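J.: Pasting a structure here, questions to come.
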Amino acid sequence: MTLPTTLRSITRPAVSRRGLLTCAGGLGVALTLAACSDTGADGKAVASSTAGADYDTAVNSGPVAADDVVAASTWASAIKKAGKLRIGGSKTARVFSIEDPTTHKVTGFDAAIGQALARYIIGGDRAADLVEITQATSDTRETLLTNGTVDTVIATYTITEERAQKISFAGPYYSSGQAVAVHKDTTGIASVTDLAGKTVAVQSGSSSQAALAKACPDAKPTPFDDNSACLSALQTKQVDAYVVDESLLLAAAENSADIKIVGQPFTEDPYGLGLPKDSDAQAFVNGFLTAIEADGTWTRIWQSTIGAIIGGDVPQPPVIGSVAGARTAAPAA
């Protein structure tokens, strides 16, 4: 597949996520820096750079559920009858869900998952027309589900047991985590273990500093007030590296030629689709995720969004139902 040329290609070594996790001490910390944010690096909407033919093909060539599979789910049947999938999400999250201010087309990894789900339920070859996005923030996500405003929340939404007390989660469908960025001219840093003795920017009071200390105790963390300050320090070579959630680094890498992401995330931050509690939605959506992984749609979505920025090998999707908080229902047939 030819990836969109409008994105800067940030190549990183083909290191397996599991291998790096083992090297870093098998960390399994669920970190939520980006998952709690519904905006891009500067909070402003910009034209999406993933809105190419490959993106459209990835979304519109995905599977469509058989009529009896949809009919067996009360949740899915209501969506098919309405002809729209109502999503709690974002239109300002670069890489994951961003609206083009000219065309109003919403693209990105999360956007594509939602559009593919709408096609799976409703059918048709214009999946983007089958979704309706309501802005969801960290304060409103559960409320939007519990009061019936949306059918699902797809917004870099980290699965936690606490959240699962109020809603259900399908997935995980993607695993982010703490990652390492360096200046484009840097050599000799390929993963978190190479940060020993290096000065590393972290956000003050964030969980990045604790994660870095566990993964590489000999690194020298340098706190800054916020993401912008950390990025500025890296771009001006005040520090050797910057550690933060990969989602923030993806957005930064798309918009700056001065930095590159190296290695794979060294912690795990599993993203799930938020769903109404005590409904049959979880089993149905887990079935959808199983289907798009099996037929290559998940891979094509990744390649036309996240992969177009970072390059490297396509990661294995996380195991569905493998995370506490998302284990209550098996995938639908």
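All of the numbers you see were taken from the coordinates with simple rules; none came from a lab. Please read all numbers here as calculations on a predicted model, not as lab measurements. Using ideal geometry, Cβ is built from the backbone for each residue, glycine included, and neighbour counts are taken over all protein chains shown.
J.: Quick one: net charge of residue 166's neighbours, Cβ under 14 Å, K/R +1, D/E -1? Working shown, then result.
T.: Working: positive: 141, 163, 277; negative: 139, 142, 161, 162, 278.
Residues close to residue 166 contribute a combined charge of -2.
J.: Please list, in chain and number order, the residues 5+ apart from residue 131 or on another chain whose amide H is under 5 Å from its amide H, with Hs placed from the backbone.
T.: For residue 131, whose amide H was placed from the backbone, the distant partners under 5 Å are 85.
J.: Can you list the HN-Hα couplings for segment 261-275, worked out from phi with the Karplus curve (6.51, -1.76, 1.60; θ = phi - 60°), rounded to whole Hz and with x for Gly and Pro?
T.: Whole-Hz 3J(HN,Hα) from phi for segment 261-275: 8, 10, x, 10, x, 9, 9, 10, 10, x, 8, x, 8, x, 9.
J.: Additional query: At what distance in nm do the modelled label points of residue 84 and residue 139 sit from each other, each positioned 7 Å from its Cα along Cα→Cβ?
T.: With each label point 7 Å from Cα toward Cβ, the separation is 2.5 nm.
J.: With a Förster radius of 22 Å, plug the Cβ-Cβ distance of residue 218 and residue 185 into 1/(1 + (r/R0)^6) and report the FRET value to the nearest 0.05.
T.: Using R0 = 22 Å, I get an efficiency of 0.45.
J.: Search the structure for amide H atoms under 5 Å from the amide H of residue 222, placed 1.01 Å from N in the peptide plane, and list their residues when 5 or more places away or on another chain.
T.: Long-range HN contacts for residue 222: 200, 201, 202.
J.: Same structure, new question: Run the simple label-point estimate for residue 146 and residue 295 please: 7 Å along Cα→C-beta, distance reported in nm.
T.: A separation of 3.6 nm, rounded to one decimal place.
J.: Here's something else I'd like to know. Quick one: 106, 70, fewest Cβ neighbours within 10 Å first, how do they rank?
T.: Sorted ascending by nearby Cβ count, the order is 70, 106.
J.: Hey, what do the phi angles of segment 136-147 turn into as Karplus ³J(HN,Hα) couplings, whole Hz, using 6.51/-1.76/1.60 and θ = phi - 60°, x for Gly and Pro?
T.: 10, 10, 4, 8, 10, 4, 5, 4, 4, 7, 5, 9
J.: What does the net charge come to around residue 244 if you take all other residues with beta carbon closer than 12 Å to its beta carbon, with K and R at +1 and D and E at -1?
T.: Working: positive: none; negative: 226, 245, 246, 269.
In short, -4.
J.: If amide H atoms are built 1.01 Å from N in the plane of the peptide, which residues on other chains or at least 5 residues away come under 5 Å of the amide H of residue 176?
T.: For residue 176, whose amide H was placed from the backbone, the distant partners under 5 Å are 269, 271.
J.: Continuing with this model, one more query. Roughly what would the spin-label model give for residue 68 and residue 277, points 7 Å off Cα along C-beta, in nm?
T.: Result for the modelled spin labels: 3.4 nm.
J.: Distance between Cα centroids, segment 51-121 to segment 241-259: provide it in whole Å.
T.: 26 Å
J.: Can you give the charge dipole size of segment 131-202 about its Cα centre, rounded to the nearest 20 debye, using +1 on the beta carbon of Lys and Arg and -1 on the beta carbon of Asp and Glu? Working shown, then result.
T.: Values: 5 positive and 8 negative charges, 38 e Å.
For this selection, approximately 180 debye.
J.: List the pairs from 91/277; 81/277; 84/105; 80/277; 91/237 whose alpha-carbon separation is above 23 Å, in the order I gave them. List each step's numbers first, then the result.
T.: Details: 91/277 25 Å; 81/277 21 Å; 84/105 16 Å; 80/277 20 Å; 91/237 32 Å.
91/277; 91/237, as the Cα separations exceed 23 Å there.
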